Amino acid sequence: VVPRSRGGDSSPENLAWACPRCNLCKSNRVEVPDPESGQRVPLFNPRTDRWGDHFRWDDYRVVPLSAIGRATAVALDFNHPRRIRIRQAEETFDLFPPSDP
């Protein structure tokens, strides 16, 4: 998912659903530093990466399993307290955890 400012286009193959906060956090970035190693790694790409290779659930928290997972979780602030509360509310309506992350 390459932003237009980096040469991406608006074709369906280059778009992904994202909440407004994730979209703003991602901005025009396609790679970010891994908080553990400091090396720049690509953000998780929902088109090519498997969720289970990079993340797992621990209750309502996203636990990163790889450099891509760590970098993405920090860059997109996956475990912000508001996101935790949203996941708790989603559980009430059987929307959490996702059936196929």
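Taken along the Cα-to-beta-carbon direction at a fixed 7 Å, the label points for Asn28 and Phe96 span 3.3 nm. With no solvent and one equal point scatterer per Cα, compute the Debye intensity ratio I(q)/I(0) for the chain at 0.22 Å⁻¹ and report its log10, rounded to two decimals. Normalising to I(0) and taking log10 leaves -1.30.
Under 5 Å between amide hydrogens, built in the peptide plane, is the criterion, and for Phe55 it picks out Leu65 among residues at least 5 positions away or on other chains.
Can you list residues from other chains, or at least 5 along the same chain, whose modelled amide H is less than 5 Å from the amide H of Glu31? It is Leu43, by chain and number. Here's the picture: charge each Lys and Arg Cβ at +1 and each Asp and Glu Cβ at -1 in the chain, and of Thr92, Leu24, Pro81 the one pushed furthest to the positive end of that dipole is Leu24.
The H on the amide N of Phe96, modeled in the peptide plane, is under 5 Å from the matching H of Glu91, each at least 5 residues off or on a different chain. If you take every residue apart from Ser27 with its C-beta less than 14 Å away from the C-beta of Ser27, what net charge results, scoring Lys and Arg +1 and Asp and Glu -1? Taking every Cβ under 14 Å from that of Ser27, the sum is +3. Against the longest principal axis of the chain, how steep is helix 81-92, in degrees 0 to 90 to the nearest 10, with axes from Cα atoms? Relative to the chain, helix 81-92 is tipped by roughly 50 degrees. Given contacts defined as C-alpha pairs under 8 Å and at least six residues apart, what's the relative contact order of the chain, whole-number percent? Relative contact order of the chain: 21 percent.
Since every read-out is calculated from the coordinates, none of them should be taken as a lab result. These numbers were taken from a predicted model, which means no experiment stands behind them. With ideal geometry, Cβ positions are generated from the backbone for all residues, glycine too; neighbour counts draw on all protein chains shown.
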